[in-house]
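Read the structure below first, then the notes.
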Amino acid sequence: MSVPVRNPAPPKSTAPPLETGSSRSRFDLRPIYEPLIFLSATTVAYFVMPPNMQYVLGIAVIYALLATSLGVLFGWTGIYTFGHAAFFGIGAYATALLKEQAWGPLAFLGISAVVAVIAAMLIGLIGQRLAKVEFAMLTMIVGQIAYLLTFRVPALQGDNGIYGIPRGDVFGIDITPPASFWWYSIIVVAIVMGVLRRIHLSAFGESLNAIRDDAVKAAAIGIPVKSLRLAAFGLAGGVAGLAGGLFAQQGSIVTPSTLSFAFSGQIIIMALLGGMMGFWGPALGAILFQFINALVFGNSPHGTLVLGIILLAVVMLFPSGVLGALARLRDLLMRTRSKR
């Protein structure tokens, strides 16, 4: 009679359990404290600035959100677009056309974002089969068509634009005074930045990065490349539209320049200046762009063009932007210190 042989029990692993991207991001607090730092730093700066610089900063934080939406495409997913201003303008005009309604500024922002998402999804579906450069050209053509429509559609009031857009009140608080509108806009921007940061750290964000790095390999491991690219385009368009609605409320006027090809180029320069690959790079670049433009070229009729050329040269020298240059400087200092 043979004795049954028992296999020894497998040893218990002492290694920590593997974490997926989504489980790690669930406990990552960066989507909370980073927007809070952004809100605190810009608010302190706002209240120590003279009124003319407060106005510049108010525009800059809206552009920071707009440039971050472009980062979703260029930096996260590797989608190139030359017509991103179209979604910003669509959102701005959506808010302007609703100015007679008493729905409140937050409802206008929501509608601006939804309209821009629909426009972005339609363009994304049309260009789904196009290569990178061809798709970029499509976005440029669509942007120009949207720009020209502002002169052809009577309701958009041509070159004069739509003015008299009220700010209204939020939860019973009048946001017409500049300080009140600052709190309203910076809180909206910080919340949306926090949501974007959470998405950036999620499994969805990691999949977009995989598509950016190598779409063929991403498809080979089961990532739905076309669907995620379309979702990223819709997300970026929606955030840009929301920023456009905020811009319309801030200035109380919307003109065709918000959809122009030149403005699309400025958004790209803003994002490249700060660093397209880091989450906060485009936002930093937008704020720097606005202040350099206001302080150095404020009274020049060709200031924006000159600034764009100079910043383009800077970007060519430092392709990873300001954040990338600071990271390299930090690494250099650490290596120098370790050698001592």
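The values are calculated or read from the model by the stated rules, or taken from the named source; none is laboratory data. In this text, all values refer to a predicted model and were calculated from it rather than measured experimentally. Backbone-built Cβ (ideal geometry, glycine too); neighbour counts: all protein chains shown. Note: accessible area is taken over every heavy atom of the protein model, side chains too, but ligands, DNA and RNA are not part of it. Shrake-Rupley method; radii C 1.70, N 1.55, O 1.52, S 1.80 Å.
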* From the list Y55, Y33, which residue is modelled with pLDDT under 95, open to solvent by 70 Å² or more (accessible area, probe 1.4 Å) and either assigned to a helix (DSSP H, G or I) or touching a strand residue (DSSP E or B) at 6+ places or on another chain (Cβ under 8 Å) (or both)? -> Y55
* Asked: From the list L109, L98, which residue is surrounded by fewer than 20 Cβ atoms within 10 Å (Cβ to Cβ) and among the hydrophobic types (A, V, I, L, M, F, W, C)?
  -> L98
* To do: Under 7 Å between Cβ atoms, at least 6 apart or on separate chains: pull out the pairs that start in the range 100-126 with a residue that is under 14 Å from R167 (Cβ atoms) and end on any residue that is open to solvent by less than 20 Å² (accessible area, probe 1.4 Å) and part of a loop (DSSP other than H, G, I, E, B).
  => P105/I175
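Take the residues in the range 36-52 that are among the aliphatic types (A, V, I, L, M) and without any contact (Cβ under 8 Å) to a residue 12 or more places away in the chain, then tell me which one is surrounded by the most Cβ atoms within 10 Å (Cβ to Cβ).
Going through the range 36-52, the residues among the aliphatic types (A, V, I, L, M) turn out to be 36-37, 39, 41, 44-45, 48-49.
Subset that is without any contact (Cβ under 8 Å) to a residue 12 or more places away in the chain: 37, 41, 44, 48-49.
Numbers: I37: 11, A41: 10, V44: 10, V48: 9, M49: 13.
Across the range 36-52, the extreme among qualifying residues is M49.
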* Structure fact -> Checking V239, V195, V216 in turn, the sole residue that is of a type in the set (V, I, T), buried (at least 18 other Cβ atoms within 10 Å of the Cβ) and either touching a helix residue (DSSP H, G or I) at 6+ places or on another chain (Cβ under 9 Å) or closer than 11 Å to V72 by Cα (or both) turns out to be V239
* **Tally, over the range 60-95, of residues that are open to solvent by less than 10 Å² (accessible area, probe 1.4 Å), closer than 16 Å to A286 by Cβ and of a type outside the set (S, T, Y)** => 16
* How many residues, within the range 261-284, are open to solvent by 10 Å² or more (accessible area, probe 1.4 Å) and either in contact with a Pro (Cβ under 6 Å, 6 or more places away or on another chain) or among the β-branched types (V, I, T) (or both)? -> 2
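Within the range 169-192, restricting attention to residues that are over 30 Å from E206 (Cβ atoms) and surrounded by 19 or more Cβ atoms within 10 Å (Cβ to Cβ), which residue is nearest to the chain's Cα centre (by Cα)? Walk me through how you get there before you give the answer.
Step one: filter the range 169-192 for residues over 30 Å from E206 (Cβ atoms), giving 169-185.
Next cut, surrounded by 19 or more Cβ atoms within 10 Å (Cβ to Cβ) only: 175, 181-182, 184-185.
Details: I175: 24, F181: 21, W182: 19, Y184: 18, S185: 15 Å.
This residue is S185.
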* Asked: Which numbered condition trips up G124, out of (1) over 28 Å from K99 (Cα atoms); (2) open to solvent by 80 Å² or more (accessible area, probe 1.4 Å); (3) not charged (D, E, K, R)?
  -> (2)
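What tally of residues in the range 115-130 results from selecting those that are out of contact with any Lys or Arg (no Cβ under 8 Å at 6 or more places or on another chain) and not in a loop (DSSP other than H, G, I, E, B)? Don't jump to the end; show me each part of the working.
Narrowing the range 115-130 to residues out of contact with any Lys or Arg (no Cβ under 8 Å at 6 or more places or on another chain): 115-123, 125-127, 129-130.
Applying the additional criterion that residues be not in a loop (DSSP other than H, G, I, E, B) yields 115-123, 125-126.
Number satisfying all stated conditions: 11.
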